[in-house]
1. Would you point out the residue of the stretch 20-44, among those that are in contact with a strand residue (DSSP E or B) (Cβ under 9 Å, 6 or more places away or on another chain), of a type in the set (D, E, K, R) and surrounded by fewer than 14 Cβ atoms within 10 Å (Cβ to Cβ), that is farthest from Leu80 (Cα to Cα)?
2. If you scan the stretch 73-102, which residues turn out to be closer than 23 Å to Pro41 by Cα, open to solvent by 50 Å² or more (accessible area, probe 1.4 Å) and charged (D, E, K, R)?
3. When you go through Phe67, Phe29 one by one, which is the residue that is at pLDDT below 95 and among the aromatic types (Phe, Trp, Tyr)?
4. Kindly provide the set of residues from the stretch 44-68 that are free of Cβ contacts under 8 Å to residues at least 40 places away in the same chain, assigned to a strand (DSSP E or B), within 17 Å of Ala91 (Cα to Cα) and not hydroxyl-bearing (Ser, Thr, Tyr), ordered by number.
5. Restricting to the stretch 69-99, name every residue that is over 21 Å from Gly10 (Cα atoms), free of Cβ contacts under 8 Å to residues at least 60 places away in the same chain and not charged (D, E, K, R).
6. Name the single residue, out of those in the stretch 29-43 being among the aliphatic types (A, V, I, L, M) and touching a residue at least 60 places away in the same chain (Cβ under 8 Å), that is nearest to Val113 (Cα to Cα).
7. I'd like to check something: does the stretch 11-23 contain any residue that is touching a Phe, Trp or Tyr at 6+ places or on another chain (Cβ under 9 Å), closer than 25 Å to Gln1 by Cβ and in contact (Cβ under 8 Å) with a residue 60 or more places away in the chain?
8. Considering only residues of the stretch 6-19 that are more than 13 Å from Gln81 (Cβ to Cβ) and under 11 Å from the mean Cα position of the chain (by Cα), which is surrounded by the fewest Cβ atoms within 10 Å (Cβ to Cβ)?
Amino acid sequence: QVQLVESGGGLVQPGGSLRLSCAASGRIFKINTMGWYRQAPGKQRELVAAITSGGSTNYADSAKGRFTISRDNAKNTVSLQMNSLKPEDTAVYYCSYQTVTDDYWGQGTRVTVSS
């Protein structure tokens with residue numbers, strides 16, 4: 001089992017920044033992918049960004065140039081720096097941990113971008 005605890009959501013004005021963090025604990029395998037997904041009201045959950053334990057990254061087109069994902073393998077943490085936030089970034093953001101056989105999700109943290 002793997003537990004994921006997220007932090008860092010909140011209310012921010014358009015153009016502002018937020019940093020989301022996620023800490024994984026439990027049975028952590030060395031080879032894994034951690035990432036962030038989001039789900040806006042009435043929409044499906046979608047990938048925002050992901051990073052492998054080797055450091056390879058993948059971003060949604062909507063996140064490219066504005067968001068940066070990073071991780072600390074020693075601490076089993078992943079972070080998402082979000083800049084130039086837009087109202088359409090409003091969603092619940094979920095941390096994910098995936099291996100070839102399993103996937104785990106955090107409880108979600110709400111991000112609201114509004115003036």
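1. Only one residue fits best here, namely Arg27.
2. Residues satisfying the conditions are Lys86, Glu88.
3. Working: Phe67 fails: at pLDDT below 95.
Every option except Phe29 fails the conditions.
4. Correct list: Glu46, Leu47, Ala49, Phe67.
5. Asn73, Ala74, Asn76
6. Restricting attention to the stretch 29-43, the residues satisfying the condition of being among the aliphatic types (A, V, I, L, M) are 31, 34, 40.
Now restrict to residues that are touching a residue at least 60 places away in the same chain (Cβ under 8 Å): 31, 34.
On the way: Ile31: 34, Met34: 24 Å.
My answer is Met34.
7. Yes, because at least one residue in the stretch 11-23 is touching a Phe, Trp or Tyr at 6+ places or on another chain (Cβ under 9 Å), closer than 25 Å to Gln1 by Cβ and in contact (Cβ under 8 Å) with a residue 60 or more places away in the chain.
8. Looking only at the stretch 6-19, we keep the residues that are more than 13 Å from Gln81 (Cβ to Cβ), and these are 6-7, 9-11, 13-15.
Within this subset, residues satisfying the condition of being under 11 Å from the mean Cα position of the chain (by Cα) are 6-7, 9.
Details: Glu6: 21, Ser7: 14, Gly9: 17.
The selected residue is Ser7.
The values are calculated or read from the model by the stated rules, or taken from the named source; none is laboratory data. Keep in mind that what you see is a predicted model, and the values were worked out from it rather than measured. Using ideal geometry, Cβ is built from the backbone for each residue, glycine included, and neighbour counts are taken over all protein chains shown. For the accessible areas, the whole protein counts, side chains as well, though only heavy atoms, and no ligand, DNA or RNA atoms are used. Shrake-Rupley method; radii C 1.70, N 1.55, O 1.52, S 1.80 Å.
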